[in-house]
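Participant: Got a structure for you, written out below as structure tokens; questions coming shortly.
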Amino acid sequence: MIRFILVRFAGMILVVFIVSVLTFGIFQLAPLLSHTSPVYYYTGKVPYPPGSPQLQALIHRFGFDQPIPVQYWQFLTGIFGKTITDGTSAPVQCPFPCFGYSFRQNDLVSTLIGNAWPVTLSLCIGAAILWLVGGVLVGTFSGLKPGSFVDRAGMTGALAAVSLPIFFTGPVLLLLFVYTLGWLPGTGYVPLTTDPLGWFESMLLPWVSLAFIFAALYARLTRSNMIETMGEDYIRTARAKGLDRRTIVVKHGLRAALTPIVTIFGIDFGTLIGSTVITESVFNLRGLGYLSIQSVRQQDLPVILGVTIVAAVALVIANFIVDVLYAVIDPRVTV
Amino acid sequence: MASTTPAPAVATARDAELFLSVEDLKVHFPTEDGLVKSVDGLSFELRRGEILGIVGESGSGKSVTAQAILGLHKGSRARISGHIWLDGRDLVPLSDEEMRGVRGSEIAMIFQDPLSSLHPFYTIGDQIAEAYRVHNKVSAREARARTIEMLEKVGIPNAPGRVDDYPHQFSGGMRQRAMIAMALICQPKLLIADEPTTALDVTVQAQILELIKDLRDELNSAVILITHDLGVVAETCDHVVVMYGGQCVEKGSVDDVFELPEMPYTWGLLGSMPRMDRVRQERLTPIPGQPPSLINVPTGCVFNTRCRFSDHVEGRRCFTEHPQLLPTAPGHEVRCHIEPEERRRLFELEIKPKL
Amino acid sequence: MTTTSAAPGAATPPAGAPLLEVRDVRKHFPGRSAGLFGRRGNPVKAVDGVSFALHQGETLGLVGESGCGKSTTGRVIAKLIEPTSGSIRFQGKEIADLSTGQMRPLRREVQMIFQDPYSSLNPRHTIGTIVGSPFRIQGAHPEGGIKKAVQGLMERVGLNPEHYNRYPHEFSGGQRQRIGIARALALRPQLIVCDEPVSALDVSVQAQVVNLLEDLQNEFGLAYVFIAHDLSVVRHISDRVAVMYLGKIMEITDRDTLYEAPMHPYTHALLSAVPIPDPTVEARRERILLTGDLPSPSNPPSGCVFHTRCPKYRDQLSDGERERCRTEEPVLEDKRPGQSVYCHFAEVRSDIIDGEAPAPRSTGIREVIRKTAAGAPGTGIE
Ligand SMILES: Nc1ncnc2c1ncn2[C@@H]1O[C@H](COP(=O)(O)OP(=O)(O)OP(=O)(O)O)[C@@H](O)[C@H]1O
Ligand SMILES: Nc1ncnc2c1ncn2[C@@H]1O[C@H](COP(=O)(O)OP(=O)(O)OP(=O)(O)O)[C@@H](O)[C@H]1O
Ligand code: SF4
Ligand code: SF4
Ligand SMILES: [Mg+2]
Ligand SMILES: [Mg+2]
């Protein structure tokens, strides 16, 4: 088991490394392709005319005249802390984890991300709980009696939910509960630490609208897994033992039916962290999705680089947890 | 010597109390294509300490019968009629919940494929102990001790070290032993084994059959052994029911049925298997044609589409009149319109020399 | 370790060079890692030094317990997997270490039929597509087009050619097995490896498929390697039979000798375990039960690999003889003309199947071989 975890862990680091190389490569390519000085992408302005010695000095200071591998190395070691200066303003101390400084937003990339990720994480975790509970419940009851009224109602609902995109459900929910009924406060994020209730109220609608679409997918998945599992020979064995229905369904059926869902959940959750853009914009939440959209619009490369790496790490960690979990759940997986 | 074998063993067994008696059992499944008559009017009886073999080709209703006895169709769309008397109680009208107390404790079942019949996520020990704890109020420790004892009894080497293994860590033969241990842990009075050795090779099959016989002797249980291997029946069983198209077409003691089978389907079954104990034939003789549809069961004899002896019956009775299951010798019943003397003559002249 | 004679158990080979000659073939799978920081375990010796020869139109039966390496042997011969070592000569040509590309023209000569007639057919493809796929893969253009060729094949194996566009699930088990056979036949192979082709079928359907295989053999001069654990079927279909245990051949000889005068204790146990559909015979037969499970092929016992379960070792041998079984590995060698056996103390037994020894035949097969002659010290050491 430890060996398995170590191997997976090494794989994880490798993936993050590759992602960082790729994003770093894009960082290198962008100035080349647009024939702009890298200084522009880095600071958002080119303070001196091209070819002037001051610009050369600035390029030298940022290290853009170094060979690319050296620059990558500096970027990597820089993550563990460095001092940043554009030569015009006061130098900034950038501690670990340092992804550079956004001259557009006048803040450390790590600070920007640090402000954004609790929003995204709150959004994702809450939505995940909602869609897991909802999807699995509906799916289980549908799958136990396929063709019954419960099943048909559940699956019709799921079909409807799948076909409703967030940019539709989100505004509708807002309109209904905030603007018409006034049951919930308006959009925007309230930090959990300052006001738990406010946090909950502010997140409820984003959770629901995000969970909606996933819950529908999970309901359908659980249902088909459940139908398959309940037809397995070992369920027949469980019945032949004289077990009661609840034990059969919960202990023997659900356990097996949910195992594949664990995998899919891990991947979905990991992916979601980097892709809550629409939900965040609809509900005016300044999370990672919002941050990345904003930095793309402003061509703010350090932020894009930082967000990409954070999203990759999240995805990889989620996958790692799933793999370990899977090996724990399914004894047949040799570790 | 062949026709009349009033074996004293049969006579004494007859005096013993009937333990299981299936009367006119029908199991029909309504489907989109029509009503599937998987079992249609099956009757047989069984005493304690006896092993009854049920043979027949794939789809003849063997497994459906077994599952009906265990009440596994309850809660499904299956329509069941007739009686299943177990120790004087009729199981057919019982509800699923009432049947739960019978399953595992009074009737236990083992299935064909031991790997898929065991839950992949729980240890062998857990699964066996669970079967014990449903019907006995004991602590987990006691159940575990009993489980180890059972595993030892069915011949798992180093049972205390293997109880915590998962099914995939057992070999095929060991898995089937574990299934048997699970089935027998509550000392059921009736054990149903549905093709317990079909997935296993001959050496393991021999071990498992030996084990079933030993346990029958020890617990004096009744056993129903479902198989399509006539060799297994000859080796293990006391009585045999030959099923075809959801009906019993011949039944009797194993000695009688193998010595003097009288139903053309039984002849076909015996004739189609290659036999190691006979001179090798150039060609095998399969039963021509396909098994009957269970939705549109042929009128007359179920076997008439494939029977080459229907011209031994006057008129076209084979195609118009459903033959009754009639006794031909004490304890030996046959469903065929051909006169008994004629059947015996046909067997001696045409069938036996070719077996 | 292996006999130097090219084809064990082939004393009277049919005239001409063998179609297939397998010599000392091994297939070792990499072992699983065990424990915490465990290193790779021992390799799984699925096939460990198998040699035999097969002539055109001949059937070699391959029997043995589950896990003894029958399927692996079949897959190595069909070159679906690469042997770890050893030589496979097909039509005199060494094919053991041909690359996939070099194998390509030979692929059509060797085909395989699998046990499970359902899972080996793609449920989304029609029968026409399935049976025609070998033509497409090999880029062959049969006369009159693929469809006509496929329908001809379907007719030959007893399927209705009108069912060309049906899907596998619309067929019964026996019919599905015919589809597999039609596919294997498409390119007119010389050799078909049949891996338990009838094990999943009930007796009546099994008889149909066995008859079909025999007819096709007569018609096309096919050679079969027929893998099964039903020894009655193997006796019916085979010309020669090899008994395998733990990746090795225990005994290989012609069919009649194997069933009437088997010499290896394992063969005795296997044959005695087959139930016979006759209660009177059953009553007088001795059943030689093997105790325990098959040892792990990654860690086979020392000396004779069968000694941990050998009934003879357990019940009949002296301590000195046992010592020999434990320390010295027997070789597969002719103990009698045309009968190769891997055992120091091989001995003919003729009472296994019937429970009593039949009257000796005039052919002289049952001449008594003295125990000592078979196991004389000095033989079998290399
Ligand atoms: N739930 C069901 N609904 C509809 N038909 C069914 C159902 N269960 C079984 N059948 C049908 O009943 C018939 C008898 O099936 P059964 O499983 O008893 O055959 P069997 O004799 O056990 O065959 P095998 O040797 O292949 O196990 C088959 O034709 C099968 O298709
Ligand atoms: N790909 C593989 N990797 C590791 N071990 C393998 C592999 N394939 C087969 N084995 C092992 O090799 C041995 C021989 O397997 P093989 O499938 O050849 O047996 P078999 O005689 O065909 O058995 P059966 O009658 O069950 O089909 C077994 O112990 C098996 O676990
Ligand atoms: S009743 Fe007629 S069709 Fe049926 S088995 Fe007898 S002879 Fe054959
Ligand atoms: S060599 Fe010894 S152990 Fe091996 S088969 Fe012969 S008698 Fe048995
Ligand atoms: Mg069945
Ligand atoms: Mg195999």
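Participant: Answer with yes or no whether C:Gln217 is more than 14 Å from chain B (Cβ to nearest Cβ), under 26 Å from C:Ala149 (Cα atoms) and in contact with a strand residue (DSSP E or B) (Cβ under 8 Å, 6 or more places away or on another chain). Walk me through it before giving the result.
Facilitator: Numbers: more than 14 Å from chain B (Cβ to nearest Cβ): no; under 26 Å from C:Ala149 (Cα atoms): yes; in contact with a strand residue (DSSP E or B) (Cβ under 8 Å, 6 or more places away or on another chain): yes.
So C:Gln217 fails the test.
Participant: Could you please let me know if B:Ala143 is part of a helix (DSSP H, G or I), touching a Phe, Trp or Tyr at 6+ places or on another chain (Cβ under 7 Å) and away from ligand 3 (no atom under 16 Å from the Cβ)? Can you show your working first?
Facilitator: Numbers: part of a helix (DSSP H, G or I): yes; touching a Phe, Trp or Tyr at 6+ places or on another chain (Cβ under 7 Å): yes; away from ligand 3 (no atom under 16 Å from the Cβ): yes.
Yes: the conditions hold for B:Ala143.
Participant: Give just the number: which of (1) among the β-branched types (Val, Ile, Thr); (2) crowded, with 20+ Cβ neighbours inside 10 Å; (3) within 12 Å of another protein chain (Cβ to nearest Cβ) does B:Val313 not satisfy?
Facilitator: If we test B:Val313 against (1) among the β-branched types (Val, Ile, Thr); (2) crowded, with 20+ Cβ neighbours inside 10 Å; (3) within 12 Å of another protein chain (Cβ to nearest Cβ), just (3) comes out false.
Participant: Out of C:Pro297, C:Pro311, C:Pro262, report the one residue that is more than 8 Å from chain B (Cβ to nearest Cβ), under 25 Å from B:Pro157 (Cβ atoms) and surrounded by 19 or more Cβ atoms within 10 Å (Cβ to Cβ).
Facilitator: Of C:Pro297, C:Pro311, C:Pro262, the one residue that is more than 8 Å from chain B (Cβ to nearest Cβ), under 25 Å from B:Pro157 (Cβ atoms) and surrounded by 19 or more Cβ atoms within 10 Å (Cβ to Cβ) is C:Pro297.
Participant: Testing B:His239 on (1) within 12 Å of another protein chain (Cβ to nearest Cβ); (2) under 12 Å from the mean Cα position of the chain (by Cα); (3) more than 15 Å from B:Pro330 (Cβ to Cβ), one condition comes back false. Which one is that?
Facilitator: Every listed condition holds for B:His239 apart from (3).
Participant: Okay, moving on. Does the range B:114-122 contain any residue that is on the phi < 0 side of the Ramachandran plot, more than 8 Å from every other protein chain (Cβ to nearest Cβ) and without any contact (Cβ under 8 Å) to a residue 24 or more places away in the chain?
Facilitator: no
Participant: Suppose we keep only residues that are more than 14 Å from chain B (Cβ to nearest Cβ) and under 14 Å from C:Leu213 (Cα atoms) within the range C:158-185. Which one would you say is surrounded by the fewest Cβ atoms within 10 Å (Cβ to Cβ)?
Facilitator: From the range C:158-185, those more than 14 Å from chain B (Cβ to nearest Cβ) are C:161-162, C:164-169, C:179-185; that's our starting set.
Filter once more, so that each one left must be under 14 Å from C:Leu213 (Cα atoms): C:179-185.
Numbers: C:Ile179: 23, C:Gly180: 26, C:Ile181: 25, C:Ala182: 24, C:Arg183: 23, C:Ala184: 24, C:Leu185: 20.
Among those residues, the one meeting the criterion is C:Leu185.
Participant: Could you tell me how many of the residues in the range A:91-125 are in a helix (DSSP H, G or I) and touching a residue at least 24 places away in the same chain (Cβ under 8 Å)? Give the derivation first.
Facilitator: The initial filter retains those residues of the range A:91-125 that are in a helix (DSSP H, G or I), namely A:109-125.
Of the ones still in play, those that are also touching a residue at least 24 places away in the same chain (Cβ under 8 Å) are A:109-110, A:112-113, A:115-124.
Adding up the residues that qualify gives 14.
The rows are residues; the columns are (1) within 14 Å of chain B (Cβ to nearest Cβ); (2) crowded, with 21+ Cβ neighbours inside 10 Å.
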site	(1), (2)
A:Leu301	no, yes
A:Phe320	no, no
A:Tyr326	yes, no
A:Arg332	yes, no
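Participant: When only residues in the range C:91-123 that are in a strand (DSSP E or B) and not acidic (Asp, Glu) count, which is farthest from C:Ile181 (Cα to Cα)? Spell out the reasoning first.
Facilitator: Residues of the range C:91-123 in a strand (DSSP E or B): C:93-94, C:110-113.
Checking the rest, the ones that are also not acidic (Asp, Glu) come to C:93, C:110-113.
Details: C:Lys93: 26, C:Val110: 13, C:Gln111: 9, C:Met112: 9, C:Ile113: 6 Å.
Going through the qualifying residues, I end up with C:Lys93.
Results for (1) assigned to a helix (DSSP H, G or I); (2) farther than 30 Å from B:Glu98 by Cβ; (3) in contact (Cβ under 8 Å) with a residue 40 or more places away in the chain; (4) aromatic (Phe, Trp, Tyr), shown as yes or no for each residue.
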| site | (1), (2), (3), (4) |
| --- | --- |
| A:Trp207 | yes, yes, yes, yes |
| A:Tyr218 | yes, yes, yes, yes |
| A:Thr222 | yes, yes, yes, no |
| A:Val249 | yes, no, yes, no |
| A:Thr259 | yes, yes, yes, no |
| A:Gly289 | yes, yes, yes, no |
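Participant: Identify the single condition in (1) over 24 Å from B:Leu70 (Cβ atoms); (2) in contact with a helix residue (DSSP H, G or I) (Cβ under 6 Å, 6 or more places away or on another chain); (3) within 13 Å of another protein chain (Cβ to nearest Cβ) that B:Gln176 does not satisfy, given that it satisfies every other one.
Facilitator: Exception for B:Gln176: condition (1).
Participant: Only residues that are of a type outside the set (D, E, K, R) and facing chain B (nearest Cβ under 8 Å): list them for the range A:229-249, please.
Facilitator: A:Tyr234, A:Thr237, A:Ala238, A:Ala240, A:Gly242, A:Leu243, listed by residue number.
Participant: While we're here: Please go through the range C:265-284 and give me each residue that is over 23 Å from B:Leu269 (Cα atoms) and more than 8 Å from chain B (Cβ to nearest Cβ), ordered by number.
Facilitator: Within the range C:265-284, C:Pro265, C:Tyr266, C:Thr267, C:His268, C:Arg284 qualify.
Participant: Right, next: Which of the residues spanning the range B:254-286 are within 15 Å of ligand 1 (Cβ to nearest atom) and among the hydrophobic types (A, V, I, L, M, F, W, C)?
Facilitator: The answer is B:Leu269, B:Met273.
Participant: For residues that are of a type outside the set (Asp, Glu), surrounded by 16 or more Cβ atoms within 10 Å (Cβ to Cβ) and touching a strand residue (DSSP E or B) at 6+ places or on another chain (Cβ under 8 Å), tally how many sit in the range B:316-339.
Facilitator: 9
Participant: Same structure again: Determine if the range B:160-172 includes at least one residue that is at pLDDT below 90, more than 11 Å from chain C (Cβ to nearest Cβ) and within 24 Å of the chain's Cα centre (by Cα).
Facilitator: no
Every residue, every condition in (1) away from ligand 5 (no atom under 14 Å from the Cβ); (2) part of a strand (DSSP E or B), yes or no:
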| position | (1), (2) |
| --- | --- |
| B:Val36 | yes, yes |
| B:Gly41 | yes, yes |
| B:Gly59 | no, no |
| B:Ser63 | no, no |
| B:Ala68 | no, no |
| B:Gly71 | yes, no |
| B:Gly75 | yes, no |
| B:Ile80 | yes, yes |
| B:Ile84 | yes, yes |
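Participant: Moving on to the next point. So B:Leu284 clears everything in (1) in a loop (DSSP other than H, G, I, E, B); (2) more than 8 Å from chain C (Cβ to nearest Cβ); (3) hydrophobic (A, V, I, L, M, F, W, C) except one condition, right? Which one?
Facilitator: Looking at each condition in turn, B:Leu284 falls short on (2).
Participant: Scan the range B:239-268 for residues that are within 16 Å of ligand 5 (Cβ to nearest atom) and either among the β-branched types (Val, Ile, Thr) or closer than 19 Å to B:Thr285 by Cβ (or both) and jot them down.
Facilitator: B:Val241, B:Val242, B:Tyr244
Participant: I'd like the full set of residues that are crowded, with 20+ Cβ neighbours inside 10 Å, within 16 Å of ligand 2 (Cβ to nearest atom) and not in a loop (DSSP other than H, G, I, E, B), limited to the range B:146-171.
Facilitator: B:Pro167 - this is the single residue of the range B:146-171 that is crowded, with 20+ Cβ neighbours inside 10 Å, within 16 Å of ligand 2 (Cβ to nearest atom) and not in a loop (DSSP other than H, G, I, E, B).
Participant: Got at least one residue in the range A:262-283 being in contact (Cβ under 8 Å) with a residue 12 or more places away in the chain, within 14 Å of another protein chain (Cβ to nearest Cβ) and surrounded by fewer than 18 Cβ atoms within 10 Å (Cβ to Cβ)? Show your work before the answer.
Facilitator: Initial filter on the range A:262-283 (in contact (Cβ under 8 Å) with a residue 12 or more places away in the chain): A:262-283.
Retained after the next criterion (residues that are within 14 Å of another protein chain (Cβ to nearest Cβ)): A:262.
So of that shortlist, the ones also surrounded by fewer than 18 Cβ atoms within 10 Å (Cβ to Cβ) come out as A:262.
Yes, there is a match, as at least one residue in the range A:262-283 is in contact (Cβ under 8 Å) with a residue 12 or more places away in the chain, within 14 Å of another protein chain (Cβ to nearest Cβ) and surrounded by fewer than 18 Cβ atoms within 10 Å (Cβ to Cβ).
Participant: Let me ask you something else. Looking at the range B:242-271, which of its residues are free of Cβ contacts under 8 Å to residues at least 40 places away in the same chain, closer than 23 Å to B:Pro298 by Cα and facing another protein chain (nearest Cβ under 10 Å)?
Facilitator: B:Gly268
Participant: Right, next: Go through the range B:81-102 and give me each residue that's in contact with a His (Cβ under 9 Å, 6 or more places away or on another chain) and facing chain A (nearest Cβ under 9 Å).
Facilitator: B:Gly101
The values are calculated or read from the model by the stated rules, or taken from the named source; none is laboratory data. The structure displayed is predicted, hence computed values, not measured ones. Neighbour counts run over all protein chains shown; Cβ positions are idealised from the backbone, glycine included.
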